[in-house]
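Report on the following structure.
The values are calculated or read from the model by the stated rules, or taken from the named source; none is laboratory data. Computed from a predicted structure; not experimentally measured. Using ideal geometry, Cβ is built from the backbone for each residue, glycine included, and neighbour counts are taken over all protein chains shown. Surface accessibility is based on the protein's heavy atoms, side chains included, excluding ligands, DNA and RNA. Shrake-Rupley method; radii C 1.70, N 1.55, O 1.52, S 1.80 Å.
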Amino acid sequence: MAPQSVSHIDMYESTPPLYLLPSLTNTSTLPQRTLVRMEFGGRRALRRKRIQAEASYSSGLQFYKEPPTGNVSLTEFDEMAFERLKVLRAVERLNLSGYIKNSEEWITKLYEEFAKNKFFIILAEKNTKSNTDEVQKARRQDHVSHFILRLAYCRTEELRRWFIAHETDLFKARFLQATRIGSDIRNFLAINNLHYTSVPFIDALELVRQRKVFLKQGYAYVPETDLATLVTSSFRSKLSHDMTTTCRALPELDSDERLVNLLHDFDQRYTGKDYSSKKHGDTCRITPDMIDTLANKSFPPCMRQLNDTLRTTHHLKYNGRVIYGLFLKAAGLNLEDALFFWRSHFLKNMDVDTFDKRYSYGIRYNYGKEGKKTDFSPYGCIKIIMGNIAPGDVHGCPFKHSDVAILRQRLVAYKVSNQVIDEIMELVNKRHYQIACQRYWESIHGVPIDAGINHPNQFFEESQKFLNGGVQPSQGKKQSEVKTTPTFMYSSQSSTQSSTQSSTQPSTQPSGGNTMTVSEEIDMYFDDDIEAAMLEQNSCRED
């Protein structure tokens, strides 16, 4: 039997907004197999698109020109979006690992990551006629998941920047991979009406900057070997426009709580190892008397900061207690020891009865012994970075939320060398907070960690493996090769803060008035600010 509750979504590409009929407000009573029906376009167009949707996907590459139609269960909706998020995060990690973007080595490493994690991309790009149903299913997942993440990432300019940048990198990697393995690129171009008999130079800005094209009367003559750059430019331009259109339509989605709940804070979802449930033998037990020593050796700065504050003041605010308590739980502190640990500090400020009435319940709650009896997960890096920090709070990410002078002092106290501190501060200025934490881990352990830092408990676990067993993390590029091009990743700073931060950087304008060379002038105009200009041109007013 078909589910009783269906949400009908119509999106008119030319004239938003988004229409939702009907909507349900009580999400607690929804069955797991509730369907979300996504239909885009007018009635005639809708009928035509239904017919197209029933046809097979003819290419492993997609330009995502037409939104998907059909029925998707809420469970599938979440699973597909989550896997695509992991794909984009993999692209981001590789971009910051030191490999030259779009190089042969970069593409090889990226597809190794896709294959290792069995992402849908590998299956979607198969050309074999066998397993056709599985290939078509993977291509549909590619199609649907892209549009779901559009909904999740269109809410702010910063999220749009992140999504556009990494979707574009993913598309170009897939295009280059298709060229490498001999896929029918011309068929893909024909399907999407991409013809490049003559190209206005503005469509080939990247090639102009790299001086790879001949320019004449406003047109660029592009070698066939650089076709990927032109196609990627078209992809980026269209996606930027479509994200703005989706942003304007998004408020209409608020009437359906099911989708809102699924998409809320989706960008903060943790995609790494699950630290909520520890199987026997997964971790060593830690006891309260070990915590101070472990904090100095193996805790990430965010947790070390919480421990230092607790030792000094014998108290933490609510959010600090939750974050630090869940971290210690995942690190191996059992409930009995946790009660002893917190009580030993708090009793310096209060009596036993006050502690038991006001704080012991929350500790048991975190361990799943009270309330919903849920095994709560410790906070990942993204959730901590994106958290709201009030004056006096110490539970944030030191690399984002600490004053620059205080952060530098703390790193000096942690015995980090001046050279590494300068590298970390440069990463902080460029808002690469997790890479800064990775650099800190490498500085105190003396070896690189190729996987990066994505979770405080991962930081602790990798440290303990190295210190106790000599197990070295997988080694990648040397840290000096890490690229620091701004990606606006996981930053909730306001435009005012960003402007202030930018104003502190040295000016890149050449001295000498109008004596700028042709090379300098081209570099000035065809840099990463092109992306900002495109987004500003298609900007969506944000409340």
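Summary of values
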read-out: Helices (runs of 4 or more DSSP H) contained entirely in the range 151-232, each with at least 3 residues that are aromatic (Phe, Trp, Tyr); value: 157-180
read-out: Residue check, ASN296 in the same structural domain as ALA390 (by the TED database), among the polar types (S, T, N, Q), open to solvent by 10 Å² or more (accessible area, probe 1.4 Å) and part of a helix (DSSP H, G or I); value: yes
read-out: Check on VAL412, among the β-branched types (Val, Ile, Thr), farther than 17 Å from HIS455 by Cβ and assigned to a loop (DSSP other than H, G, I, E, B); value: no
read-out: Test for TYR111: is it aromatic (Phe, Trp, Tyr) and not in a helix (DSSP H, G or I); value: no
read-out: Answer residue from the range 316-348, given it is among the charged types (D, E, K, R) and within 19 Å of GLN464 (Cβ to Cβ) and is farthest from the chain's Cα centre (by Cα) among those; value: ASP337
read-out: Test: residue in the range 352-360 that is farther than 30 Å from GLU92 by Cα, outside any helix (DSSP H, G or I) and at pLDDT 90 or above; value: yes
read-out: Residue within the range 262-281 that is at pLDDT 90 or above, part of a loop (DSSP other than H, G, I, E, B) and of a type in the set (Ser, Thr, Tyr) present; value: no
read-out: Residue check, LYS118 outside any helix (DSSP H, G or I), over 30 Å from ASN454 (Cβ atoms) and out of contact with any helix residue (DSSP H, G or I) (no Cβ under 6 Å at 6 or more places or on another chain); value: no
read-out: Whichever residue in the range 177-188 is crowded, with 19+ Cβ neighbours inside 10 Å and hydrophobic (A, V, I, L, M, F, W, C) and, among such residues, is modelled with the highest pLDDT; value: ALA178
read-out: Residue count for the range 370-408, restricted to those that are buried (at least 18 other Cβ atoms within 10 Å of the Cβ) and more than 28 Å from LEU335 (Cβ to Cβ); value: 8
read-out: Among residues of the range 337-353, those that are in contact (Cβ under 8 Å) with a residue 12 or more places away in the chain and open to solvent by less than 60 Å² (accessible area, probe 1.4 Å), counted; value: 8
read-out: The range 90-108, subset outside any helix (DSSP H, G or I) and in contact (Cβ under 8 Å) with a residue 24 or more places away in the chain, residue most open to solvent (accessible area, probe 1.4 Å); value: LYS101
read-out: Whichever residue in the range 429-459 is open to solvent by less than 10 Å² (accessible area, probe 1.4 Å) and among the hydrophobic types (A, V, I, L, M, F, W, C) and, among such residues, is nearest to the chain's Cα centre (by Cα); value: ILE453
read-out: Unique residue being touching a His at 6+ places or on another chain (Cβ under 9 Å), surrounded by 15 or more Cβ atoms within 10 Å (Cβ to Cβ) and either acidic (Asp, Glu) or assigned to a helix (DSSP H, G or I) (or both) when the list is CYS247, CYS302; value: CYS302
